[in-house]
Structures are given as C-alpha cells and as structure tokens.
1. Charges on Cβ only, +1 for Lys and Arg, -1 for Asp and Glu, centred on the Cα centroid of the protein assembly as shown; of A:T358, A:A244, A:S471, which one is farthest towards the dipole's positive end?
2. What does the extension gain come out to for A:I282 and A:K123, with contour length at 0.36 nm per residue minus their alpha carbon separation?
3. Just counting partner chain Cβ atoms within 10 Å, what average do the residues of peptide B:8-20 show around their Cβ?
4. Kindly provide the helix-only [θ] at 222 nm of chain A, computed as the sum of -39,500 (n - 2.57) over DSSP H runs of four or more divided by all residues, to the nearest 500 deg cm²/dmol?
5. Send over the semi-axes of the protein assembly as shown's equivalent ellipsoid, whole angstrom and largest first, taken as the square roots of 5 times the C-alpha gyration tensor eigenvalues.
6. So what is the relative contact order for chain A, in percent, with contacts set as C-alpha pairs under 8 Å and at least six apart?
7. Taking θ as phi - 60°, what are the ³J(HN,Hα) couplings along segment A:478-483 by the Karplus curve (6.51, -1.76, 1.60), each to the nearest whole Hz, with x for Gly and Pro?
8. How large is the Kirkwood hydrodynamic radius of segment B:2-68, counting all unique pairs of alpha carbons, in Å?
Amino acid sequence: MKHAIRTMIKARLLPLVLLAVFGFLSCASLPPAPADTRIVIFHSNDVHGKIDNYAKVAAIIAAERKSGVEVFYFCAGDNFTGNPVIDQYVPPGEPMLELLNRLGLDLLCPGNHEFDFGLENLKKFAVRARFPFVCANIQAGDLLPLLRPSVVLKTASGIRIAVFGLIQIEAGNGLPSTHPDKVKGLVFSEPLTKAREFKSLRAGNHVLIGLTHIGYEDDLRLARQMPELDLIIGAHSHTRVDPAENVNGVLVAQAGSDNKFLGRIELLVRGGRVVEKKGGLIELNGPMAEDAEVKDMIARFNSNPAFAKVIVTAPLAIAGKEALGSLMTDAMCHVHGLDIAFQNGGGIRLNRLPQQITIKDIYTLDPFGNQVVEIAMTPAEIRGLIKNSFEKGGNIDLQVSGITYVVRTDDARQIKEIRLSAADGMPLDENRQFKVGISSYVASAYDFSRQDPGHSLQSTTAEALIRYLQSGVDLNVYRDVRRAFWEKTTEYPRP
Amino acid sequence: MQIKMNDQPIEIFSGACVKDVLRKYSRAEWRLVKNDRKAVFDRHGHQVALDGELNGGEEIFTKSIELVKPQP
C-alpha cells in the first residue's frame, strides 16, 4: 500500500518537479531583467535599388538614436533588382552595400533577389557588410560562410533579442524566386517547417523575432503556428501593413516596397518580457529632414559611370522595329537557350540604336523591366499567339527569333492562314513542343491558349540584350533582317 | 500557378507579380490602377504594390482609391 501511494505521489509529482527544474533552468539562462526598456526597431524591405529616400531614413534613425531609446535597423531582403542605374553598378550591388553600412543596418535576411547577381557576388557583399546575414532555411556551407540561422542582439541594458531569418521557396522547384543557376549548390528547406526549430529560442531571450522574406500570407501562418514570437518583420509580397497587425499575439509588420515607407516598431520590455508592442509606417515620399552625407552618396551612385559606358561598337546603327525586334529576340534565345522568342512592337521604345551602344541605350530601348517567361508551346499554340497579336492592331506586331512566319489575310484583314517556318525554311514539326520565350508583358496582356502556363526566368529582357551584346555577336546580320510577314490576298481559295 | 483576382481565378506563369495578374484579368482595370484611380489589396485589406511577388493560391482585389482614402 505504502509502495502504491509512493508510486502515485511520484507519478503526480514528477511532472511538477521536472517543470520546476526546467523552469528554473530557463530562468537561470535568462539574465536578470533590467528595468523597463523601450526598444525601437526600424525596418525596410523590397527596396529593389530605390535608394533616393535613404537620406531621409538616415535622418529619422539618427534622430531616434539621439532620443536615448535602444534603436535597431533591420532589412527583410530584396535590395537588388529594380533600378538599372544601381543594378548595373560595378561591382553589382555596391551602392546598396555602402548605403546600408552607412545607415548602420543591424541585420539582413536575404530575399530571393539577393541572389540575382550570383553567389560569388553575394559572398563578397557579405564579407564587406558591417551587419550579419540571418536565414535559417538555407544550408550554404562554404558557399556563404557568413550566413547564420539566427543571431542574438543585446541592448545596452542587457535585453537579449533573438532573431531568426526565413526565405521563401517556390512550390515547384523548392528554390527561391531567382534563376536556378544563381543558387546552385545551396540547399533550401520549407520555411514554416524550419521555423518550428526556433521555438526553443523563447527560453533564454527576452524578445523573439522572425525576420522573414516569405510574403505576408506565410507571415500570418507563421504567427498562427508560433505564438512564442513577439514580432515578425516580413517582406516579398510588397505589402503595406499599417499599422502592424496583431495575429495570435504576434505583431506582424511589412513596409511596402521601393523605399516608399520606413517601418517603425516600438517594444516595451518589462520584467523580462515584451508587455507592449506596436508598429506603423513612416511615409518617405514627402519633404522631411535628410542626412547631407547620405544625400551626397546617393547623388554619386545615381550618376553611375557604368551606365554611360559603351558596351559595344556596332558596325552600323541598328534601326527599325524588324531589326531591333530581331536583335532583342535573338538575345533571349541566345542567353536563355530558347528555341523561339517573340518581342511585341510596343515594347521597342527606340527607332534606332546608335553605333556606340551604352547600357543607358538598352534601358531606353527596353525600359519596362519585363521578365523573360519561358513557355513550352506547340506550333498550333504559337499560331494562337501570333493570331491574337495580329488581331490587336490589324498588323504585324510580334518580331521573332528562331522561326519566320507569314500571316495571310483577306482584304478585310481576316486571318486565313499562319505559316511557320524553321530557320532553314522548312515547316515546323507540328508534334513538337518548343521552348518559347516571351516577355512577362506579352505573357499577361496577350490572349492565347496554351497547356503550359510558363515560368519566369527571373531575368529581364534588357539584361538578356546586354549579355548578348557583350558576348561579341556579329551585328551585321541586323543590317537588313525581316522574319515576320503579312500577305494580303483578294482571292482566297475556299476550303 | 493560380491567383484569384476579384474572386475570378487567373491562371498565370509562375513567378508572376501583381501587375501581371492584373493585366491578364482586365486591361481596363489595369489602366485604372496605372492611373491611380484604383489600387490593389490582399484579402486582409492591405495594399500591395504592382511589383509585389505572389505565390499560387493567393487572392487579390482592386478597390477605388476614393473608397480607401480616409474621409476628411
């Protein structure tokens, strides 16, 4: 009986004893909580090379630091890609690096576009950055040695702020939305599953933050699955969350995109835990104080000498929509290994390229930042695309590489036949699927049916043209080139 | 991938952003947004930028700017 009672007491008491021991241990690992501490965290995301408002950001952060509160500045990724003047800097990304160092950034979670200039470049960027890179769902090994899954920042008063990072991956290929070649050798895991491993950071730290680049919808899922978090600072979906949302007790923030807003989070830590938290956005597109030194840096970066540098001297000035469209589509095929490419007339914004071609000329010719989209298409589907393009304006619209085509109509411009020929003049194999490249504009604004919805190659049409011209191609072929024809016939044979 | 725009399913290439879905949804609606007469919002009511990146299954909506601006 005594034994039974002892066993029962043991069974009931053991969990309580264990709980007390673990509770003691977790308290023991946490330093004694200082008095009330106010912490302000500024945050940016998806800046995409839009640097002009950084002088205002610098002034806002400096003013807050002077007020005596603990101030941090986080970036949730995607600093590159979106401003050709900055993207074409040599070395790529240099303006962002120098500005973020000057602004005193405390932490960066890389976004999918941090990889756009390649791993080697990102590695050099990380080495010179005066802030750590944090992301838990990338296994990088030696490829990105400075990347950490999580970091602990400490305030002067001893508050421990644990932060882990997460990057989005695409459902199809399990990679972030960048060209697969740019992340070769890295291993990515599902971000929300990975996040569960960081629940343990709650014990031993006063504040727990997810600095993420997974989009607002997944930030909400993360908040629901992980109430241990105090705060999620997000990115990727370019969502303007103002004020920051309280979801399942977790504050979820995101500051739009393009440096139009600066996020500001305010935390009050009392008795070793966050007792008050709120966040909102500061609109930057208005008159406000600017840091003079940062303003000078921005002016210097905006006058990027690489932008005006001649990248190729052509034997002739390439002129006319046929020649320019042929050049642009040849570039897509050559750079991305496509069979066929199309370029719409409205996307050709110059009548001629000068003989001395600069990067600025390329972005004047093709200024829209459209991505190259690859679609697997049959000849019948290609005819559907050409038909829609012709019917839009009643004329030849799409310039082409890889094939030639003839649109035959009656006098009323009703299409009777579209004939496709391979480069050697032979008809296309009707049973074959071709790798076709079109711009994201054509992929979304033109109405044509296809089995494969396609996928973005995460690289712009202008970038393809720059790489093509830099490859030393013979530009004489663009002296007199025509690949798309319209034939009108009054007498069209009845079927 | 499939995105819902104003409750209408839109099949679009993977890696598409908000402006791609909007253009495929309606050219008229695209023009209204480009001319700042309308803006695009997620299903939680937060404004999203035209370059905002999307994952399959997300829902977005267009709303008149007049309805969004706080009344004086």
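1. A:A244
2. Numbers: separation 159, 0.36 × 159 = 57.24 nm, distance 3.19 nm.
Length gained, A:I282 through A:K123: 54.1 nm.
3. On the way: counts 0, 0, 2, 2, 7, 13, 10, 13, 9, 7, 2, 4, 9.
Going residue by residue through B:8-20 and averaging, the value is 6.
4. Details: 14 runs with 149 residues, N = 495.
Rounded to the nearest 500, the figure is -9000 deg cm²/dmol.
5. Numbers: eigenvalues 511, 147, 97 Å².
So the equivalent ellipsoid measures 51, 27, 22 Å along its semi-axes.
6. Numbers: 1062 pairs, mean separation 70.4, N = 495.
Taking the mean separation of contacting Cα pairs over the length of chain A, I get 14 percent.
7. Here the 3J(HN,Hα) series is 8, 5, 8, 9, 8, 10 Hz.
8. Working: mean 1/r = 0.0860 Å⁻¹.
Kirkwood hydrodynamic radius for segment B:2-68: 11.6 Å.
The values are calculated or read from the model by the stated rules, or taken from the named source; none is laboratory data. As the structure is a prediction and not an experimental result, all values here were calculated from the model. Note that each Cβ is placed from the backbone with ideal geometry, even for glycine, and that neighbours are counted across all protein chains shown. Heads up: the accessible areas ignore ligands, DNA and RNA and are worked out on the full protein's heavy atoms, side chains in. Shrake-Rupley method; radii C 1.70, N 1.55, O 1.52, S 1.80 Å.
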